[in-house]
Amino acid sequence: MSSMIITVLLGCSEQTVRVLGEVPVAEPPTEEADDFGSPPDWADCTSGYAGQYFNLPDSHADVEPGEDVRDADTYDDLDWWDAQRLSFSRFDPSLDHGSNWWPVDDGLSGDPAYFTSTWVAWIRVWEDAEVAFTAGASDDLWVDINGETVIALPGVKAFDPETFTVSLDNGQYPIKVRFAHRSGDSALRFRPLDTNVTICHPDFNEDTG
């Protein structure tokens, strides 16, 4: 049975209840460095992302780039998220951090000015739809859904969030967000504008015993 949305009228109020049926499953794309875990239990999951934060040294060639430096078209050949740069991991309930955001400070030269982050989660699309997202960053931002880049905002720039529309079928998909801050103020915003989607932290099935 496919998933359904049932609207219940209670007096003068309206309540929406989601009834979970079989969910069309999209397997995570195969990437050695990525761990999307398993899709969460959508009836009882925690909204948010599994985040990793990396420290970019002030000696890195890509920080404070000159005006003649060409923006990276993709993240494929960048070393900004290499494992040796990892500072810490944490749960982030949202990716709406606004401006003047400085999460990484290890006391290294240049801190907290330059850093990068990645976040993974699962997105549940309840009905086929053109899903609207707001996204903006200072600086580089890429958003992948099921291994396909759906939002690309590369380069050093001012924080100016925009609305993006992504066509998504009913189902569940892994989502990955890549961010880099390399100059000026630091800012980030990424969130869905559509109530037709839910984004939850992955289930990593960690052994406790």
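The values are calculated or read from the model by the stated rules, or taken from the named source; none is laboratory data. Just so we're clear, the structure is a prediction, and the values are computed from it rather than from any experiment. Neighbour counts run over all protein chains shown; Cβ positions are idealised from the backbone, glycine included. Calculation scope for accessible area: heavy atoms of the full protein, side chains included, ligands and nucleic acids excluded. Shrake-Rupley method; radii C 1.70, N 1.55, O 1.52, S 1.80 Å.
Each Lys and Arg contributes +1 and each Asp and Glu -1, all at the Cβ; summed about the Cα centre of region 116-181, the dipole is approximately 280 debye.
Which of rounded, prolate or oblate describes region 116-209 when judged by the alpha-carbon gyration tensor and an a/c cut-off of 1.5? If you can, show how the numbers build up before the last one.
Working: a/c = 2.42, a/b = 1.28, b/c = 1.89.
Because a/c hits 1.5 or more and a/b fails to exceed b/c, region 116-209 counts as oblate.
Note on SER99 and LEU78: the model spin-label points, each 7 Å out from Cα along the C-beta direction, lie 2.1 nm apart. Using Cβ point charges alone (K and R +1, D and E -1), the dipole size of region 97-139 about the Cα centre works out to roughly 60 debye.
With all protein chains present, how much of the accessible area of region 116-200 (probe radius 1.4 Å) comes from carbon and sulfur, to the nearest whole percent?
Numbers: 1120 of 2700 Å².
So the carbon and sulfur contribution to the accessible surface is 41 percent.
Please give the peptides 102-115, 120-133, 177-190 ranked by average Cβ packing (other Cβ atoms within 10 Å per residue), highest first, as a rough proxy for protection. Before the final figure, lay out each step's value.
Values: 102-115: 15.8, 120-133: 19.0, 177-190: 21.6.
Going by the mean number of other Cβ atoms within 10 Å, highest first, we get 177-190, 120-133, 102-115.
Per residue, the accessible area of region 41-109 comes to 62 Å², computed with a 1.4 Å probe over protein heavy atoms only.
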